[in-house]
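Novice: The structure under discussion is supplied below as structure tokens; questions concerning it will follow.
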Amino acid sequence: MAQTIGRAYRHGDGIIIKTTAPPMDNLSDEVTVIWHDKRSISPEQRRKAWALIGEIARHCGYLSQSDKRQMHQELKAKFLAQMRDVEEPVEMFSLRDTDMTTAREYITFLVEICIEFDVPTKEPLWQMAEDVEAYVYQCAIHGVCAVCRRHAGMHHVDAVGMGRNRRRIGHVGLMGISLCWGVRGHHFEAHQLGDAAFMDKYLLAPIEITKEIAIIYKLRAEADEELLQALAEHEAGETDEGTGLPELP
């Protein structure tokens, strides 16, 4: 993938984007456009960023205000280095007047640091997250509950269906979220409230289970051949006489 910087111009009901072509062969004529929100960082974003920086600093034993500012510089340098390796690099910025998009990406980065290094926070991370899907994904990758960050299992938001064996179906591509178990766990609460009400309560959203996530939770990535054949027969209408459905393993 190659990246260039250009400028967008309105043209009738559409947009013309002018940029230079990178010196590469075999370039596709399809491009991805990332739009920046040029509005300045909001007071709420600034509050979130400094609160997260403070929590990370405290976790590392940095207690004074000068220590906190030093931690911010170290985190910002790590963030900028990380962003140089992705599609959209970020220039040096200040939390006083950066744009909303940069603030959102930096807060997402800080939230991921808290998950990766198990940094305790006064406010739940799901309330601090700006990118909900990125937050839920990081919780899943690190095996923690998306609500309380305790050890978690995978809660399936897609209904697996009666008669289908969870150990034999393919989980990759299904929707799920990592939640803690137990009678008082959030997995139980999700079943009690229903997935839609649960997601609304905690401002969360399920993510697609990837092969990496399936490996972490010891889920079968692909359905076995016997089950796939049964499903294919069902879709083709080749059912056992008098049953209406094939008997799934």
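Every number here is computed from the coordinates shown, using simple stated rules; none is lab data. Given the structure is predicted, the values throughout are model-derived calculations rather than measurements. Note that we place each Cβ from the backbone using ideal geometry, even for glycine, and neighbour counts take in every protein chain shown.
Novice: Roughly speaking, what is the stretch gain from Glu212 to Val31, that is 0.36 nm per residue apart minus the C-alpha to C-alpha distance, in nm to one decimal?
Specialist: Going from the current span to full extension adds 62.5 nm.
Novice: Once you have a ≥ b ≥ c as the square roots of the Cα gyration tensor eigenvalues for the range 38-144, tell me rounded if a/c is under 1.5, and otherwise prolate or oblate according to whether a/b is larger than b/c.
Specialist: Judged from the Cα gyration tensor, the range 38-144 comes out rounded (a/c under 1.5).
Novice: Please find the FRET efficiency linking Ser42 to Thr19, where r is the Cβ-Cβ separation and R0 is fixed at 35 Å, and quote it to the nearest 0.05.
Specialist: Rounded to the nearest 0.05, the efficiency is 0.75.
Novice: Each residue of the range 90-106 in order: what ³J(HN,Hα) in whole Hz does its phi give by Karplus 6.51 cos²θ - 1.76 cosθ + 1.60, θ = phi - 60°, with x for Gly and Pro?
Specialist: So the J values, rounded to whole Hz, are 10, 7, 3, 9, 10, 6, 6, 9, 5, 7, 5, 5, 4, 4, 5, 5, 5.
Novice: Given the pairs Lys48/Lys76; Lys78/Lys122; Lys48/Lys68, which span a C-alpha to C-alpha distance of over 19 angstrom in this model?
Specialist: Lys78/Lys122
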